[in-house]
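A short write-up of the structure that comes next.
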Amino acid sequence: MAPNRPDEPSVERTQESEDFLNTLAEYHDKRGTLLDREPKVGNRHIDLLRLYKRVNEEGGYDKVSDTKNNKLAWRRIATEFLPKSPSITTQAFLIKSTYYKNLAAYEISTVHKREPPPPEILENVSAKGGDLLNRTVDNFFPPSSRETERLRGDEESEEDDDVEKTPKDDKMDVDEPGSLGRSTRSLRHAPPQRVLFQPEASTRQTRQSAGHLNSSQTNGYGTSGAATTIANYEPRNAVPATMKPVVTPSNALDTYIQSRKKYIVNKKNRPVPLKGMMLPGTGFPGPSIYIRALNALRSREPDEEAYALHHLVKISHERGDKYRFDQFPGLAEALIAKVIDVGALFFDVSWEISYLEDDLDQPHTLNGLSGTRDLLQRIHSLRALDIRDHLLPEQSAKALNMINEAALIIRNMVMLKENALFAASVPSIQDMIVIALNLPKHPTVIELQHYALEIAEQLTKFWVLDSQSPLYVSLLAQVDSDDRGRIITSLRALARIAMNLEASNKLVNVPAKTLRSICDWLLVEDEDLRIACLDFLYLFTGFPSNVETLVHEVDIEGVIKQLVRLLQYGAIAYEERRSVSKTARSSAPPENAPKLSSAIIEHLVTLDEPERSSQWLKTCFEEDATGEITQIQLWSAYNAAFQEHMVNNPASFKALMPAKDFITNVSTTFGGASAQVLTVGGQPKYTIRGIRPRSVPVDPSTKRSYLRCCWHPPNLLNGHADSKHSTAKIECGEFASGARSMWEHVVSVHLQVPRDQETGQWLLEPKPDIDMQNGDAVSATPPTKYFCHWGGCTHFTPHGTESAFEAGQHIKTHLPDTSIKQAIHAKHNRTPSESRPLTSSAQVRYDNFQPQFAQPVGLGSLGMSGRHHSSSKPTSRNGGGREDTLAAAQSAPNFRYFNTATDETDDAAGLPLSSVLVLRNLARQLNKIPPPSSVTEILSPSSPAHKRTFSVSEGSPEAARRATAGGKKPRLSDAATEQRRENEEREEKEAQNAGWVARIFAPLRDQIAFTASHNLTLRNYIGGLLKAVAEGGG
C-alpha cells in the first residue's frame, strides 16, 4: 500500500500531460467514445495523468476495485485528490467513475495488452463492481433500471409482508424534537398519545398567559408527553445543503459541449425499438426457454424452428425425466407436424393435419381426430420426386436435419412412461410413423426411420392394431429388411402390441416368408436378434390358429429342438456340496471358539485395541439371533487365544483390553449382539445373546474361510504307531489363513522340521558333529523318521521316510493347489471314479481318520472333494454287509447344477426364459389343433427313433416302411410272423391317432427333464411346460 501523498495542485499542466491527453483523445476517437480532458469532481479538476499513474501504482483498476483484498482503496485515492472533502464516500465513487469512463479501457489496451470490453458494457454503464479484464458480453448483465428495482421491491414486499426487515438508512425514523437523541434513532417510537381538548370552565386562559412556563398546563394541552415535546421544541441549526452543480453553457461551456457530443453519439448507436415492443429491463423478465422454444416451433419460421429444435434436443436428453408433454400443450402436435414435413422432400405432397371433418376428404390432409385409415393407399398413389443420387440440395438437407431433430425429441421424450402414454393418445402420431416408414429407399432417411421404429416400440403397448391398420402393415414390412437394427426394433414393436391393455392382440396375416425368416434367425448367434424373435413368437403362439399356420409353414420339429437347446443357453455350472453327517453332534453348532494358528495370532497381536478384539471376534464368531454365550466363557476364550504369545514375548506384547471394555466392544462389533443378565436358580448369569462360535473361522475382511488342520497323530503302542486303537476325534484342529500357511504349520509343528532363525530357511538335513581326531562326520542322533497323518494318510507307513523334503512335498498333495499352473494340474489329477478302491481294513482305518467338521476348502474344484465308490467294487466274501454299511456312511456325491441368466430380482431372464415360454405356448396350442394326416416312424439301428410327416405324393406309410427296410430278414415261424404283423399294425394305428405334442415332444423328453432337474433358475417355468406336454400325451 502506498503512503498518503501531500496536497498538490488540482491540475499540473506539463508537456507530458498534454501528450498523454492527446494520445488518450486519439484512443477514444478510435473507440467511438468521448473523453473528458479535465473532469471536475466537486470544486476541483482531476488530473487524468496523475490519476492514471496513481491507480496503476496500486495494480490497476481491478486491483483497486477489489473490495475483499484491497478495502477502501478508492477512498484513499480520493483523499489525495480531494483533500478535506466533507463526504469522502461520495467523492471516492466519483473519482472511480472518472477513471472508469476515461482511463479504464486505455489501461486494458496499453498495460494489460488485451482487448477491452465494448463501450456498451464499459463506458455506457455504471462503474459499480470491477473485474473488467474478464468482462464479456456473455457474462455481464447491465444493472436494471430504478423502475425494475421498484417493481422487484414491490414483489418482494408482497411475498415477505410477514417478515420484519432491518430498516435502511434512508427509511429510518427521524428524531422528533425532544426525543432521546441518537441513542434511540434506529428504534421505533410509539405514536404520540392523543389528548382531546377540554377547556376549563372556571378560568379562561389568554394568549399571554398561555405561554407562561410555570403554569400547570402547557398551551392548554395538559401535561402530556406530546405537550412537553411541543413546548420544548427548538429548531435545528441551519446546515447548508450539499448540491450537485448543474452543467450549463454559462458555468462550464467545455463540459457541456462534451456531454452533448456524447449524448448525440449514444443516440445514433442506439437501435430504434419497434412500435409497441417492450424494452428490456423494464420489469418484464420474458417467457422461459420452454415457452420460447414452443412458440418458436409453432411459428413455422425456419430460423425460429432451428432455434427451438436445437434447445429441445438438449432439454429432452438432459431433462427427459421431468420434461413432459402434458405440461406444454401443443408441443407434441407441433413436433408431429414438423416430422410429417418429410413427405414434401420425397413426394409431390405437403401433408397437413386437420381436425375439421369437412377437410378430411382432401388427399393431402391427415385425420387428426382418429387417424387416417387409408394412408398407405394415399402414399402408394403419390409420385416420388426424382432424386438421382445420395446427395440432397442444401435447403432440403437443412430441412431434413430439422425433421430428424424433431423425431429425436419425440423419441427421447416417449422414453418416459407419462410422455409415452400422452403421445399414444394423439392419433396423428401413428400417421407420422407410417409416413416415415414408407419413404423411398434413400440413405438420408435411415436415421429418421430408426427414430420412428423406436417411437413405435414405446407406444404399441398402448394400442390395439388390427390386420388392416397401416401401422401394423408397415411394421410387418420392416421385418423383411436386411437391416439388423430395423428388424430387431420392428419385432419388439410388434411383440409389445396391447401389452399394457386388458384386450389381447392377435397377430394375423403374417406372411409365411416372415415366419420362416423369424424361425431361421433362431439359429443365428445373435442374442438380441434371438430375443426379439422369441418375443414375437410368444405373442404369436398364444392362439391356436396362429400355431396351426406355423406348423404348416415352417419346420416345427426343428424349431422346437432349437428352443429346447436354448433352455441351457449361457448356463453356468454350479456345484452344491452335500455331505451326510456321521453323528448328530457334528451338525450342531460348536460351543467353543475355533483355534487359530500361530501365524494368524501373530498378525492380530500387532493390532491395537479395540481393533484387535474386533478382528478376533469377526474371525471366530458370527451373528445368530438364537445364539448365546456366557461373558466369562467369551472373555476366557479371548485370553486363551493370546496366552501362548503373552508367555513367550511378554515385553513386546500389547496388553489386552479390560473385560468391561471387551464386553462393550462385542455389541459394537456385532449390531445384533447385546449383553444380558439372567437370573438362574436365584443367581445372576451374565450372557451375550446374538452371536455364536463359527465352525470354520473366516478372514474378517474378505470373509474367506480358513483351512482346518486335519492332522491325526496316532497313539503309540510299545513305541510304534497304533492306528487300530487311535481315537478318530484327536486331531490338531487349528485353522490357517491359506494353503501356504497350513503347509508351514504342518512342517513346523507336526513334522518338527527346524528352521534357520537368521535366513528363515528350512533345515532339511541336520548338521552332523565332526570327530576331532579324524575329521569324520559323526551323527549325534539317529535320523528322524517322518510320517504323514493327514486325515488318516498311510503313505509312509510303516517305515516312514528320512527325507524332510519328501515329506514336505507329500504334504502339499493334501492342500489346495494355489499355484499359477492350477488349471494344468487339475487336468491330470485323479478323480474318485478313477481311484482304486480301498480294501475293507484300509477303508475302516481311512474312515476313522476323516476330518471331524469339513474338508479343506478348494478340493472340490480339483475333483477331490467327493468320495464316490464304483458300483463294480469287489466285495469280500465275508465282509459284504459291512462294505455296504460303510458305503452308505460315505459322503453323498456333490450335486451339479447348470443355472442360466437371472435379473436383479434373481428371477429367470434372457433367452432361456423366452424359450421356455414359447415352448409352453406351443405345447398348449398344439394339443388343440388336429393331428397330421399321415405319420410314419423310421427306425435306424444307429440313431434313436424319430417321426416324420409324409405328404400324399410321397406314398403311404407302408411304402415308406418297405423302402427303408434293408437286408434279408431272418425266417420266422408262422406264429412269430403273425405276432409281428399285429404289433406293427397296432403301432401304426397308435401313431396315426397320436397328436402333435406326443410326436414332437416325446423325443425331447430327456432333454427337458435334464433342464428341469439341473436348472434351478427355470424350475418355476419348466413345471408348466411339463404339465402341458403331459396333457398332450407327450
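The values are calculated or read from the model by the stated rules, or taken from the named source; none is laboratory data. Being a predicted model, the structure only gives us computed values, none of them experimental. Heads up, the Cβs are rebuilt from the backbone with ideal geometry, glycines too, and the neighbour counts pull from every protein chain shown. Note: accessible area is taken over every heavy atom of the protein model, side chains too, but ligands, DNA and RNA are not part of it. Shrake-Rupley method; radii C 1.70, N 1.55, O 1.52, S 1.80 Å.
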- request: Please calculate the 1.4 Å probe accessible area of Thr242, with all protein chains present, and give it to the nearest 10 Å².
  value: 130 Å²
- request: Tell me which residues come under 5 Å, amide H to amide H, from Leu35 once H is placed; ignore anything under 5 positions away on its chain.
  value: none
- prompt: What are the ³J(HN,Hα) values, in whole Hz, obtained from phi via the Karplus relation 6.51 cos²θ - 1.76 cosθ + 1.60 with θ = phi - 60°, for each residue of segment 550-563 in sequence order, with x given for Gly and Pro?
  reply: 5, 5, 7, 9, 10, 7, 5, 5, x, 5, 5, 4, 5, 5
task: Could you look at segment 374-523 and say what percent of its accessible area is carbon and sulfur, using a 1.4 Å probe and all protein chains?
output: 51 percent
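Counting only protein chains, not ligands or nucleic acids, how are Met415, Met402, Met499 ordered by accessible area (probe 1.4 Å), most first?
Ranking Met415, Met402, Met499 by accessible area, largest first, yields Met499, Met415, Met402.
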- prompt: Residues of segment 289-462: accessible area per residue at 1.4 Å, in Å²?
  reply: 50 Å²
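What translational D, rounded to a whole number of µm²/s, comes out for segment 15-111 from Stokes-Einstein when the hydrodynamic radius is the Kirkwood one over Cα pairs, at 4 °C and 1.567 mPa s? Intermediate results must be reported in sequence, preceding the final value.
Numbers: Rh = 13.8 Å.
Calculated translational D: 94 µm²/s.
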query: Once amide H atoms are placed 1.01 Å from N in the peptide plane, what residues at a sequence separation of 5 or more from Lys685, or on another chain, have their amide H within under 5 Å of its amide H?
result: Leu678, Thr679, Val680
query: Is the shape of segment 598-705 best called rounded, prolate or oblate, per the rule: a/c under 1.5 gives rounded, else a/b larger than b/c gives prolate, else oblate, with a ≥ b ≥ c the square roots of the Cα gyration tensor eigenvalues?
result: oblate
message: So, for segment 598-705, what is the accessible surface per residue at a probe of 1.4 Å, expressed in square angstrom?
response: 54 Å²
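In whole percent, and with a 1.4 Å probe on the protein chains, what portion of the accessible area of segment 15-111 is carbon and sulfur? Present the calculation step by step, with values, prior to reporting the outcome.
Working: 2340 of 4610 Å².
C and S atoms contribute 51 percent here.
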Alpha-carbon centroid distance for the pair segment 27-53 / segment 629-690, whole angstrom: 87 Å
query: Taking H as built 1.01 Å from N, whose amide H comes closer than 5 Å to the amide H of Phe621, not counting residues under 5 places away?
result: Arg694
- prompt: For Glu357 and Gln377, what does the FRET efficiency come to when R0 = 30 Å and r is the distance between their Cβ atoms, rounded to the nearest 0.05?
  reply: 0.90
statement: Sequence order, segment 254-260: Karplus ³J(HN,Hα) from phi using 6.51 cos²θ - 1.76 cosθ + 1.60, θ = phi - 60°, Hz rounded, Gly and Pro as x, gives 5, 5, 5, 5, 5, 5, 5
- prompt: For segment 598-705, which whole-number percentage of the solvent-accessible area (1.4 Å probe, protein heavy atoms only) is attributable to carbon and sulfur atoms?
  reply: 53 percent
- prompt: Which ³J(HN,Hα) values in Hz, rounded to whole numbers, follow from the phi angles of segment 381-391 under the Karplus curve 6.51 cos²θ - 1.76 cosθ + 1.60, where θ = phi - 60° and Gly and Pro get x?
  reply: 8, 7, 9, 6, 6, 7, 10, 7, 9, 8, 9
Solvent-accessible area per residue for segment 15-111 (1.4 angstrom probe, square angstrom): 48 Å²
message: Given Cβ point charges of +1 (Lys, Arg) and -1 (Asp, Glu) and nothing else, what value in debye, to the nearest 20, does the dipole of segment 289-462 about its Cα centre take?
response: 500 debye
